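Where a number appears in this text, it was derived from the coordinates with a stated rule and is not lab data. Remember, predicted model here, so these are calculated numbers, not experimental data.
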Amino acid sequence: MTTAHDIDLHQILTDRLTGASPDLLRELLTLFIHTLMGAEADALCGAGYGQRSDERTNSRNGYRHRDFDTRVGTLDVAIPKLRSGSYFPDWLLERRKRAEKALTTVVATCYLLGVSTRRMDRLVDTLGITSLSKSQVSVMAKELDTQVEAFRSRPLDAGPYTFVAADALVLKVRENGRVVNVHTLVAVGVNAEGYREILGVDVTSSEDGAGW
């Protein structure tokens, strides 16, 4: 019998995202990396990018580019440069295998659950980053939530979809002090160009007509 502990939902969703729309995962992964590096650079500067503040101690001075190899291809990572001193994302580029796995898990979690400040704080903490303020985390969550919601609510105009596959996973979650079953619904279609595309992912209380 399969239990909730036997199912790695994040891995399943990452595999679906990679197989059905590698461009989507690459775009979200790049966005998350750049947003996180920007927040770290702002923390070192004492103020946000372009923000006037008496607390500012440094400022940005362009970018330097590094390649970051992932399962969805090589990303062009634009690392912020500072006018005084230096910034380097060691959590990303010095532990590549660990960072890449953690980042794809974070992106899949953002896609599945949506993004909130509390969730973003926990997700960033999994990467070993504890220097960001609550306000910076809040800004990151808002920016990422906009991108995730834009994809979730996008028009499905890449059709006609010749083939559509729909599936669901039954998981146990704790809700209001009790354990209940939820259904993670995933719909995948083949678009007009012959590529698989995720049409939607959602969590519902039951796998029925209303849920789909």
Where the Cα pairs of region 21-88 fall when distances are cut into 5 Å bins, in %: 3, 17, 25, 20, 14, 10, 7, 3, 1
Hull shadow area, averaged, region 133-175 [alpha-carbon convex hull, nm²]: 5.7
